[in-house]
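Asker: Please read through the structure below; I'll follow up with questions.
The values are calculated or read from the model by the stated rules, or taken from the named source; none is laboratory data. Small disclaimer: the values here were computed from a predicted structure and weren't measured. Reconstructed Cβ throughout: ideal geometry from the backbone, glycine too, with neighbour counts over all protein chains shown. Note: areas computed on protein heavy atoms with side chains; ligands, DNA, RNA excluded. Shrake-Rupley method; radii C 1.70, N 1.55, O 1.52, S 1.80 Å.
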Amino acid sequence: MAEVSFDYTNLIEVEGGITEKELSEITPRLQAAAGKLLEDEPGFMKLPETREYADACLRTAGEIRSSSPTDFIHIGIGGSALGPIALHRALNHPYYNQMPERRGPRIHFAENTDPATLAAILDVAEPEGTWVNVVTKSGSTAETMAGFLVVRGMLASTLGDFGYQHRTIATTDPEEGFLKRIADREDLRTLPIPKDVGGRFSVLSPVGLLPAAVTGLDIDALLRGAAECVREVRERGAEHPAVVGAAMHYLMDTARGRNIRVMMTYADALERVAAWFVQLWAESLGKDGKGSTPHGAVGTTDQHSQLQLYMQGPQDKVIEIVQVEEHPRDLEIPPAYEDLEGVGYLGGHTMAELLNVECDATRRALTEAGRPNATIRLDRISEENLGYLFVALEVQTAIAGSLYGVNAFDQPGVEASKRFTYSRMGRPGY
Ligand code: PA5
């Protein structure tokens, strides 16, 4: 069972917090938004109960893993990269690629256009044992397709003109797009990104499942946690904490001017989960002059970087702490320097204890300073909990879209720069 909870007490009890009256006034709108969501469930809510994608990914991952692979290059950007990276960073060893006993090939994410990064990946990947997963729902994102052409060229020069085909997976729309056409033409392995699932909502589709399975993560547990959240949302509707959170954050922005939402994860492993969420919230809600600005931070690191601003800067933020009760590893702090009161007190405690005490202390300091804050608590960092969390935040974002009155599932604002790029790079028709 997933153990993920949401605590909004300090959005209500903090000085100037959300009032009972505001909450009761927004309830009918929240109920309507939840009703609409459940009446016509978006594609992402169906993913956890769709067995066929997990089976296809497990099959493909099995083929890859049994081929003595050395490297797996995942090429994608935005929603086609952030979810898989979040999963990898949360659940695999931080130095996974260097670990001799890791459960799969080294994994590399080519998530940006920067040639320095892709060239560095090609410096270390061994062409004879490299697999490539090119991930683009539209099938024509310039950054992704350029990266694919480069990697394909590298593989072709080692394995022969068509040798790369046996080691290439095209994760894309099942019916249309240029990547699908290439896959058909060259008989590449394909995995589908369902038509009704947009990029930033696709982490539980083959976009996130294949790389997770290749590195040996338990995708069944991931989907189990996600399905649990879907079931709870169906049962509880507007009373589900993730749904309630949509109203809380919406009110904080629109009624209190707290238009920055900082997700501060008290675990390095969750840093890229915050990055995933930043895209989800920003690209889904930032429309028609509306939306609050998401930002990622890490505790305790950013206590020594940004906390001053959160404590005493403009009253324009909600700090959302993500707390992990039991960390995957812990280290005892050995007693030493007991005669030095500024150091000696640390001995006998543990690093995880210090991390969690600092997390509690930050929450308390923020609250006492009248700074609104919320907490998402995970009992541990596990596949199940992450599956639950992904769905909960996706539901929350979709519901917030209804409250703001924007379409959470499109991104018209990113099209203009794409058109300029196509025109400058000479794509026909632009
Ligand atoms: O969430 C989204 O829809 C976007 O961030 C896309 O994922 C991103 O633009 C990449 O698109 P594609 O998967 O078509 O290459």
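Asker: Quick one: what pairs do we get from the stretch 125-150, first residue without any contact (Cβ under 8 Å) to a residue 24 or more places away in the chain, second open to solvent by less than 10 Å² (accessible area, probe 1.4 Å) and within 11 Å of the ligand (Cβ to nearest atom), C-beta under 6 Å, 6+ apart or different chains?
Answerer: none
Asker: Evaluate the following for residue 396: is it touching a residue at least 24 places away in the same chain (Cβ under 8 Å), surrounded by 13 or more Cβ atoms within 10 Å (Cβ to Cβ), touching a His at 6+ places or on another chain (Cβ under 8 Å) and among the polar types (S, T, N, Q)?
Answerer: In short, yes.
Asker: Quick one: which residue in 371, 377, 363 is under 22 Å from the mean Cα position of the chain (by Cα), under 21 Å from residue 249 (Cβ atoms), among the charged types (D, E, K, R) and open to solvent by 10 Å² or more (accessible area, probe 1.4 Å)?
Answerer: Only one candidate qualifies: 377.
Asker: Let me ask another. Scan the stretch 156-166 for residues that are part of a helix (DSSP H, G or I) and surrounded by fewer than 23 Cβ atoms within 10 Å (Cβ to Cβ) and report the count.
Answerer: The number of residues fulfilling the criteria is 7.
Asker: I need every pair where a residue in the stretch 342-361 that is within 14 Å of residue 267 (Cβ to Cβ) has its Cβ under 7 Å from the Cβ of a residue that is acidic (Asp, Glu), sequence separation at least 6 or different chains.
Answerer: Going by the 7 Å Cβ cut-off, the qualifying pairs are 351/330; 352/330.
Asker: Suppose the filter is under 30 Å from residue 22 (Cα atoms), modelled with pLDDT of 95 or more, in contact with a Ser or Thr (Cβ under 9 Å, 6 or more places away or on another chain) and buried (at least 21 other Cβ atoms within 10 Å of the Cβ); does residue 238 pass it?
Answerer: Against the criterion (under 30 Å from residue 22 (Cα atoms), modelled with pLDDT of 95 or more, in contact with a Ser or Thr (Cβ under 9 Å, 6 or more places away or on another chain) and buried (at least 21 other Cβ atoms within 10 Å of the Cβ)), residue 238 qualifies.
Asker: Turning to a different aspect of this structure: Give 347, 413 a once-over and let me know the one that is open to solvent by 10 Å² or more (accessible area, probe 1.4 Å) and in contact with a Pro (Cβ under 7 Å, 6 or more places away or on another chain).
Answerer: Result: 347 is the single residue among 347, 413 that is open to solvent by 10 Å² or more (accessible area, probe 1.4 Å) and in contact with a Pro (Cβ under 7 Å, 6 or more places away or on another chain).
Asker: Now a separate question. From (1) within 16 Å of the ligand (Cβ to nearest atom); (2) open to solvent by less than 10 Å² (accessible area, probe 1.4 Å), pick out the condition that doesn't hold for residue 212.
Answerer: Looking at each condition in turn, residue 212 falls short on (1).
Asker: Sticking with this structure for a sec: Out of 104, 78, 83, which single residue is on the phi > 0 side of the Ramachandran plot, open to solvent by less than 50 Å² (accessible area, probe 1.4 Å) and not hydroxyl-bearing (Ser, Thr, Tyr)?
Answerer: None of the others qualify; the one that does is 78.
Asker: One residue is enough: does the stretch 117-128 have a residue meeting the conditions away from the ligand (no atom under 11 Å from the Cβ), outside any helix (DSSP H, G or I) and either hydroxyl-bearing (Ser, Thr, Tyr) or open to solvent by 30 Å² or more (accessible area, probe 1.4 Å) (or both)?
Answerer: Yes, because at least one residue in the stretch 117-128 is away from the ligand (no atom under 11 Å from the Cβ), outside any helix (DSSP H, G or I) and either hydroxyl-bearing (Ser, Thr, Tyr) or open to solvent by 30 Å² or more (accessible area, probe 1.4 Å) (or both).
Asker: A further question follows. Any idea which of (1) without any contact (Cβ under 8 Å) to a residue 40 or more places away in the chain; (2) farther than 24 Å from residue 274 by Cβ; (3) surrounded by fewer than 21 Cβ atoms within 10 Å (Cβ to Cβ) is the one residue 93 doesn't satisfy?
Answerer: Answer for residue 93: the failing condition is (2).
Asker: Looking only at the stretch 177-196, decide whether some residue is within 12 Å of the ligand (Cβ to nearest atom), among the basic types (Lys, Arg) and in contact with a Leu (Cβ under 6 Å, 6 or more places away or on another chain).
Answerer: For the stretch 177-196, residues within 12 Å of the ligand (Cβ to nearest atom), among the basic types (Lys, Arg) and in contact with a Leu (Cβ under 6 Å, 6 or more places away or on another chain): absent.
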